[in-house]
Amino acid sequence: MANFNIYMCGVGGQGIGVLSEVMIQACLAAGHPVKGVDTHGLAQRGGIVSSHLRLGANVHTPRVTAGEADLVIALERLEAFRALVNVARTGGTVVFYDTEFQPIHVRMGKAEYPSLAELEQAAKKRQLRLERVSADALPDPRMQNTAVLGRLAGLNVIPGVTGAHLEQALTQVIKPAQLEANLAVFNAQAQPTAAGESN
Amino acid sequence: MSNFAEMIIKPQPWTGLMMGNHALVRAMLESGVRVATTYPGSPTPEIADALMAIPAEVRPLYFEYSTNEKVALEVAFGASINGHLSTVFFKSVGLNVALDSAMQLSMMETIGGMVVVLGDDPGANSSQNEQDNRHIARMSYLPMFEPGTPDEAYRMFKAAAALSQRINMPVFLRLTTHVCHAREVIQFGTVPTDEPNWLPAYDPANGPYWPITQSIYPLKRRAFAKLAAVAKEVETSPLNEILAPNGSEPVNGKRLGVITSGIPAFAMLECLDQIDAGVDVLKLGITYPLPERRLLDFINAHDEVLIVEELDRVLEGEIKALAFDHKVTAAIRMRTETEQLMRELTPDRLWDLLSQTWPDAFPARAARPAAEEDVAPRLPQMCPGCGHRSAFHAIRDLLADEFPNAITVADIGCHSLGAMEPYEMGTVLMCMGHSNGTGAGLAINNDTRPVISFIGDSTFYHAGLPAIINASLHNHNLTLVVLENYTTAMTGHQPTAGNGEMGDKILIPAVLEALGVKFVRSVDAYRQDELKQHLREAIAHPGFAVVIAKHPCMLKFLRDKQRRLANKKEADVGANK
């Protein structure tokens, strides 16, 4: 298999750590050699959090080079836009949860928050597949990452990684007390016809 | 006990996914480290997190958060000369704080062994500079290991500890940010289960440990002799290895070689995967002392050799000098541009260097065009509810209305973010504890522009005290605002001397009083009007004044509360069973 590069991002506090843990465990279970790296430190203070995950026997370094992500997973619209423009490769896939965390420059009127149409246009220009995830009535906004994982389960975009691998990894990572609610969110998104809007 | 803690202390070998920083803890346990110390700083705090995850009653070593890096290094040193294998870990700039003591280490017989773990930060991901601590190995005459992956960090810690125990000399293990935070599958070995021997073995006859004036020369001579012995050993060390993934066929009749270390060695492998040309790689796991014979053999076997290193010209200079002394005919190629001396050497940047050097083997690539889209920046900011935020809001308003030409000085910590919009408070920043000293200098013979310095509580204990004594003694006319949030917040909520998590609280007002500070006020940072009034009076006060603006870190406060509620719920459920 050729190398496969996954870039995950969002805003501090959104649960990128859990997302990245589920992803890396699922990819390991699927038999991929993995290397990953997460940002730590300033992330908690409302900054950008990112996690890199690379699959393949010929991967030597853990970071995804700009323009070489086969798959971008974003938990927020502006960060999806940033990664789409800077990190995704032409022809790759971007899956994002469509929620809005305005950065300070937007609040001060010094920068524009991107519209959905801008993302769609930027994706089209780069022949990217853009998957928007948005679920009404999540039991907890902290389950947005689980909704995105559920959507991924139905896409089969990562070679060899099935929905069952993702579900198994989710079961391993999420605390037992929250597991049932998370699995419900995951399964609702995994079946495209079930509750939860999709584009 | 958490699964993580169970695995990290499990005596039997196992294989699993692990972050570099966490893998180091396993290496400490396998090596039999008895004392570990630190002061938190990115990229290393997760080493301490992993140690703290092991319940104290089963943690087979003594661990402490020391007041600062210098104290941490001294505690580890004291343990080692008492016969205990010790380790100290901190970030790149932490070594500056510890350097006064570190410079004597090579002259000391550290009979228990001692590993000094450095978290360097090429790319300045979370630091005020990107200083290259490879220089310090040379300056302090101590060997240095440089892993490039979590697996290497684990294996090289063990090798460094073993070497240190063999030669009774501390050894540096230099990590960089993306070694610390990278994750991969590692095969771990066995943790010895023998009872620790806490017998205090200190004996001045092992030393002498008294380097003063003429007495330093035998000690320095001994340090050089040890280094010479290590230099001999590294000639055959398997940690220095030659890699030839594409074979060694000449390119256009030229035999090409690369000498490298750390993460750049792996970036080199990424680049070689993209071509068929044969370029040999000498990857150095031990970068001080250098294996001179091995380097010369490698260079002489090639027509051209490129030194691939990150940040300063450390290997470049030394290898060029070696080549000059030995009249090497091969061309030694190196970086030519200032920009190449900055930032991380990622595979794409390395490709550019390779194609600049050997365009036939590494064809130049067009630069990635800049995106046409305008993407709003997202800078880190203080959290919702943060007390610093409230304090900065009030202080900014006060200064704008009443002291528009005031000078504000920042220190290190979450509150450093106050310099950014919208507050722009604390516009001079250097390092831990600088703010009060710099503020004093700004206040000299200055009756027109009030000076306000900021400092966080963890930094107050870490490096703030000497400048506070200085300002108190000389009565410098400045105001120090202590932003007290009862934790070391920026690095992930480690304890402070004042929050009671490590021992009896050492309270800031009591310390200030004991240091002779005449003007001390304390107020909750949410009480903005009161804070303004205290500050007004502090600025009017002729001489040194301190205002403590306190409020718990809300991120930590809310998490602790959730945890307490969850525990209570569990207890209630248990009681009802």
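Tabulated data for the structure shown
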{"read-out": "Candidate set: segment B:494-508, residues that are touching a residue at least 12 places away in the same chain (Cβ under 8 Å) and either out of contact with any Asp or Glu (no Cβ under 9 Å at 6 or more places or on another chain) or outside any loop (DSSP other than H, G, I, E, B) (or both); chosen: the one nearest to B:I47 (Cα to Cα)", "value": "B:Q494"}
{"read-out": "Any hit, segment B:441-461, residues being farther than 24 Å from B:L515 by Cβ and among the aromatic types (F, W, Y)", "value": "no"}
{"read-out": "Residues of segment A:57-74 classified as more than 9 Å from every other protein chain (Cβ to nearest Cβ) and crowded, with 23+ Cβ neighbours inside 10 Å, total", "value": "6"}
{"read-out": "Identity of the residue in segment A:146-189, of a type in the set (S, T, Y) and surrounded by fewer than 22 Cβ atoms within 10 Å (Cβ to Cβ), that ends up farthest from A:A74 (Cα to Cα)", "value": "A:T171"}
{"read-out": "Residue check for A:R77: without any contact (Cβ under 8 Å) to a residue 60 or more places away in the chain and either surrounded by 14 or more Cβ atoms within 10 Å (Cβ to Cβ) or more than 8 Å from every other protein chain (Cβ to nearest Cβ) (or both)", "value": "yes"}
{"read-out": "Filtered residues of segment B:350-370 (kept if under 28 Å from B:S127 (Cβ atoms), within 10 Å of chain A (Cβ to nearest Cβ) and surrounded by fewer than 17 Cβ atoms within 10 Å (Cβ to Cβ))", "value": "B:R368, B:A370"}
{"read-out": "Enumeration of residues in segment B:375-390 that are more than 8 Å from every other protein chain (Cβ to nearest Cβ) and small (G, A, S)", "value": "B:G385, B:G387, B:S390"}
{"read-out": "Test result for B:I455, in the same structural domain as B:V517 (by TED's automatic domain parsing), surrounded by 22 or more Cβ atoms within 10 Å (Cβ to Cβ), within 23 Å of the chain's Cα centre (by Cα) and of a type in the set (A, V, I, L, M, F, W, C)", "value": "yes"}
{"read-out": "Selected residue (only one of B:E74, B:E69, B:E64, B:E30 is closer than 24 Å to B:T190 by Cβ, modelled with pLDDT of 95 or more, acidic (D, E) and not assigned by TED's automatic domain parsing to the domain that holds B:C414)", "value": "B:E30"}
{"read-out": "For A:M108: the one exception among (1) more than 28 Å from B:S42 (Cα to Cα); (2) more than 11 Å from every other protein chain (Cβ to nearest Cβ)", "value": "(2)"}
{"read-out": "Criterion (surrounded by fewer than 21 Cβ atoms within 10 Å (Cβ to Cβ) and assigned by TED's automatic domain parsing to the domain that holds B:Q274) met by exactly one of B:I407, B:I332", "value": "B:I332"}
{"read-out": "Residue tally, condition under 13 Å from B:H388 (Cα atoms) and touching a strand residue (DSSP E or B) at 6+ places or on another chain (Cβ under 6 Å), over segment B:482-522", "value": "3"}
{"read-out": "Qualifying residue in segment B:521-532 (condition: more than 30 Å from B:V71 (Cα to Cα) and basic (K, R))", "value": "yes"}
{"read-out": "Residue within segment B:261-268 that is outside the structural domain of B:G148 (by TED's automatic domain parsing) and without any contact (Cβ under 8 Å) to a residue 60 or more places away in the chain present", "value": "no"}
{"read-out": "Single unsatisfied condition, A:V94 versus (1) free of Cβ contacts under 8 Å to residues at least 60 places away in the same chain; (2) over 19 Å from A:L19 (Cα atoms)", "value": "(2)"}
{"read-out": "Matching option when the condition is at positive phi and surrounded by 22 or more Cβ atoms within 10 Å (Cβ to Cβ), among B:H493, B:H462, B:H415", "value": "B:H493"}
{"read-out": "Qualifying residues in segment B:371-400 (those that are in contact with a strand residue (DSSP E or B) (Cβ under 6 Å, 6 or more places away or on another chain) and touching a residue at least 12 places away in the same chain (Cβ under 8 Å)) - the one surrounded by the fewest Cβ atoms within 10 Å (Cβ to Cβ)", "value": "B:H388"}
{"read-out": "For A:P33: the one exception among (1) under 17 Å from A:F101 (Cα atoms); (2) without any contact (Cβ under 8 Å) to a residue 40 or more places away in the chain; (3) more than 7 Å from chain B (Cβ to nearest Cβ)", "value": "(1)"}
{"read-out": "Check on B:V93, under 11 Å from the mean Cα position of the chain (by Cα) and not polar (S, T, N, Q)", "value": "yes"}
{"read-out": "Any pair with Cβ under 8 angstrom, 6 or more apart, that starts in segment B:181-196 at a residue that is more than 7 Å from chain A (Cβ to nearest Cβ) and ends at one that is at pLDDT below 95 and surrounded by 14 or more Cβ atoms within 10 Å (Cβ to Cβ)", "value": "B:V191/B:P60; B:P196/B:P60"}
{"read-out": "Options B:L118, B:L99, B:L85; residue that is of a type in the set (A, V, I, L, M, F, W, C), surrounded by fewer than 24 Cβ atoms within 10 Å (Cβ to Cβ), at pLDDT 95 or above and in contact with a helix residue (DSSP H, G or I) (Cβ under 8 Å, 6 or more places away or on another chain)", "value": "B:L99"}
{"read-out": "Segment A:6-19, subset under 14 Å from A:A83 (Cβ atoms) and within 11 Å of chain B (Cβ to nearest Cβ), residue farthest from the chain's Cα centre (by Cα)", "value": "A:V11"}
{"read-out": "Only listed residue being touching a helix residue (DSSP H, G or I) at 6+ places or on another chain (Cβ under 9 Å) and closer than 28 Å to B:E372 by Cα, chosen from A:E21, A:E68", "value": "A:E68"}
{"read-out": "Residue within segment B:185-194 that is surrounded by 20 or more Cβ atoms within 10 Å (Cβ to Cβ) and closer than 30 Å to A:G17 by Cα present", "value": "yes"}
{"read-out": "Test: residue in segment B:538-551 that is assigned to a loop (DSSP other than H, G, I, E, B), closer than 19 Å to B:H415 by Cβ, free of Cβ contacts under 8 Å to residues at least 60 places away in the same chain and assigned by TED's automatic domain parsing to the domain that holds B:A471", "value": "no"}
{"read-out": "Inter-residue pairs, beta-carbon under 6 Å, first in contact (Cβ under 8 Å) with a residue 40 or more places away in the chain and buried (at least 17 other Cβ atoms within 10 Å of the Cβ) and in segment B:249-260, second of a type in the set (D, E) and in a strand (DSSP E or B), 6+ apart", "value": "B:L256/B:E304; B:G257/B:D280"}
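Conditions (1) in a helix (DSSP H, G or I); (2) of a type in the set (D, E, K, R); (3) without any contact (Cβ under 8 Å) to a residue 12 or more places away in the chain, marked per residue:
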position	(1), (2), (3)
B:G123	no, no, no
B:S126	no, no, no
B:E130	no, yes, no
B:R138	yes, yes, no
B:E152	yes, yes, no
B:A161	yes, no, no
B:S164	yes, no, no
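Per-residue answers, yes or no, for (1) part of a helix (DSSP H, G or I); (2) of a type outside the set (A, V, I, L, M, F, W, C):
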residue	(1), (2)
B:R221	yes, yes
B:V230	yes, no
B:E233	yes, yes
B:K283	no, yes
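The values are calculated or read from the model by the stated rules, or taken from the named source; none is laboratory data. Here the structure is a predicted model, which means the values were calculated and not measured. When we count neighbours, we look across all protein chains shown, and the Cβ atoms used for this are built from the backbone with ideal geometry, even at glycine.
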